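Quick notes on the structure that follows.
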Amino acid sequence: MDYAALTGIVLAAGVILALVAQWRGWRPPLWVSLTVGIAVRVLIMYVAAIGTWQPIDFVNSFKPAGEAVLRGEDPVLASNGGWHFLPTIPYVYGILLWLGIPWEYAGRLVTVVADIVLIPLVGKLAGGPKASLRAFQYALNPLALLVASVHGQVEPVALVFGVAAFVVARGPGDPDRPGMVTDVVARVRQGISAYGVRGSIPRVIGRGGMLHRPLIPGPDDRAHLRRGALAGLLMGLALCAKSWPIWLIPGMLLLLPNLRARVMGLFTTGLVPVFFLVTLPIFAGTSLSQIPAVIDTIRDIRPIVGEWGWTPWFTGGSWDLRPELASFGTNLIYVSVLVVILLWRRADPIDMTTAILLIFMVMTPRLGAQYLLWFMPFLVARPTRFAWAAILTTSFWSAYGYLYMTQFDAQTWWLLHTYWSRASIVMLPILLLAMPWGRRVAKVPGLARPLKGGTKVGSPASPASPAAS
């Protein structure tokens with residue numbers, strides 16, 4: 001109990017503060033949120049670092065990857081298959097170890113710093129008058145504190161770049177601006193209003209046509225391209241930390257202002273991981289002949305199920321290699337994500353991303369507690385009716401695993417795990433309810449409606465226009 005009691009008290013106090021802030025409508029300035037966020041993260045990191053228990057992957061996978069970089073070896077191949085991602089994070093581990101920082105601190109410092117940067121980014125993602133409240137609530141998010149300060153899992157690193165990509169892609173405009181699908185519909189309707197259904201193809205794609213702006217550079221196109229490139233660069237860095245931010249790419253692209261910016265964003269997103277891959281011989285000492293083996297290791301995901309959701313009920317609550325369950329669950333994810341994209345095609349891209357991440361958690365056959373952090377910044381920034389039910393239940397389930405189960409010997413841990421993993425199925429309907437069902441259509445400006453004579457409602461020449469009445 002050398003770390004669990006104090007950590008649990010801090011988490012509970014944080015939840016109470018966050019709920020009181022919601023109830024009382026607090027709007028604390030950013031410096032308050034940052035001060036509180038830094039204080040609790042550093043405190044929990046210190047308590048976890050000096051504790052007798054350390055997460056098994058933190059010691060047996062992350063540390064060997066950083067040590068491999070120090071020796072000039074490839075962290076993917078040298079860490080006995082413990083590191084299944086690009087070596088971007090191990091490079092940072094190696095630098096911190098080279099500076100002489102003890103691993104118990106160095107390994108967590110990376111994730112704690114990333115999670116601190118997420119605090120203002122969540123406020124930016126929220127926008128509007130409640131931005132400061134959302135930043136404060138994320139500063140006290142219990143799951144974020146557990147993942148960043150106790151486990152040292154790299155989810156906060158992937159999220160800090162992914163959320164930053166969303167903020168950049170949206171730009172300085174209205175946080176409720178429509179996404180690409182809604183924007184295209186608006187353009188088509190406006191084009192039909194202006195040119196009529198029988199308008200010729202040159203009138204549609206020619207100068208001034210409804211498809212002219214997405215395809216042909218305009219005077220402000222250079223700024224849009226820079227925005228797309230920067231957003232893609234950030235998303236690419238998120239993919240270098242872990243592979244799961246691929247689910248964030250559609251939302252980021254939808255937030256960019258036009259087709260050319262989206263193409264640029266997609267290009268730079270893919271360019272960054274390729275850069276870290278081809279530079280392995282320079283920075284990691286990987287020979288060219290070993291690069292295919294590195295790619296195979298990164299792609300290799302063992303079908304271990306039985307940790308979360310519906311699969312523990314097939315495994316008795318224990319981990320098990322079940323390829324048939326893993327394959328079925330993976331296909332279930334793909335189908336469900338496609339359905340979500342169709343249902344939220346007219347939604348704000350942030351809401352669509354939240355729905356994608358939540359449906360992933362419901363359908364996935366395999367999951368670690370740190371995966372539940374994926375949707376937290378988005379759900380905190382734009383909460384739904386059942387957002388807090390999802391936040392509290394998933395945080396409590398994770399805290400039980402992080403703080404309570406780790407106090408026992410291995411045999412007792414496995415016994416508790418059989419109940420803990422199967423209990424997670426209770427949260428699946430809560431996550432479904434927490435999806436942004438009431439925001440499947442984004443707020444869009446009123447579109448001009450054509451009249452019989454070709455005049456648009458609301459135009460100066462229209463009888464319905466205030467100027468004409």
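Numbers for the structure displayed
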quantity: At 1.306 mPa s and 10 °C, Stokes D of region 7-49 from Kirkwood alpha-carbon radius, µm² per second; calculated: 141 µm²/s
quantity: Vicinal HN-Hα couplings computed from phi for region 49-56 (Karplus, 6.51 cos²θ - 1.76 cosθ + 1.60; Hz; Gly/Pro x); calculated: 5, 8, x, 7, 9, 10, x, 5
quantity: Charge dipole magnitude, Cβ of K and R +1, D and E -1 - region 318-427, Cα centre, debye nearest 20; calculated: 300 debye
quantity: Leading residue at positive end of dipole, region 324-435 (Cβ point charges), from I350, W374, W397; calculated: I350
quantity: Residue list for region 13-27, given a label point 7 angstrom along the Cα-to-Cβ vector of L392 and an amide N cut-off under 19 Å; calculated: 13-26
quantity: Rough spin-label spacing in nm, given labels placed 7 Å along Cα→Cβ, for T279 and V20; calculated: 4.7 nm
quantity: J(HN,Hα) series, region 129-145, from Karplus relation 6.51 cos²θ - 1.76 cosθ + 1.60, nearest Hz, glycine and proline x; calculated: x, 9, 4, 5, 5, 5, 4, 5, 5, 5, 4, 10, 4, x, 5, 4, 5
quantity: Stretchable slack from W53 to I38, in nm (0.36 nm times residue separation minus alpha-carbon distance); calculated: 3.1 nm
quantity: Local electrostatic count at T286 - Lys and Arg +1, Asp and Glu -1, tallied over other residues with Cβ under 11 Å; calculated: -2
quantity: Total formal charge among the other residues, if their Cβ is under 14 angstrom from that of G152, Lys/Arg +1 and Asp/Glu -1; calculated: 0
quantity: Burial order of peptide ranges 27-34, 100-107, 41-48 (average beta-carbon count within 10 Å, highest first); calculated: 41-48, 100-107, 27-34
quantity: In order through region 30-42: 3J(HN,Hα) via Karplus (6.51 cos²θ - 1.76 cosθ + 1.60), integer Hz, x for Gly, Pro; calculated: 4, 5, 5, 4, 5, 4, 5, x, 5, 4, 5, 5, 5
quantity: Spin-label proximity, W413 to region 1-33 - amide N less than 15 Å from point 7 Å beyond Cα toward beta carbon; calculated: 1-4
quantity: Ranked packing of 6-12, 396-402, most packed first, by mean Cβ within 10 Å; calculated: 396-402, 6-12
quantity: Positive-end extreme of charge dipole, region 1-160 - chosen from P75, V160, Q22 (charges on Cβ); calculated: Q22
quantity: Förster radius 56 Å - calculated FRET efficiency between D221 and N60, Cβ distance, rounded to 0.05; calculated: 0.65
quantity: Amide H contacts of V441 (H built 1.01 Å from N, under 5 Å, at least 5 apart or other chain); calculated: none
quantity: Net charge of Cβ neighbours under 13 Å - reference L96; Lys, Arg +1; Asp, Glu -1; calculated: 0
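A short reminder: the numbers here are calculations on the coordinates, not readings from a lab. Fair warning: this is a prediction, and the values are worked out from it, not measured in the lab. Using ideal geometry, Cβ is built from the backbone for each residue, glycine included, and neighbour counts are taken over all protein chains shown.
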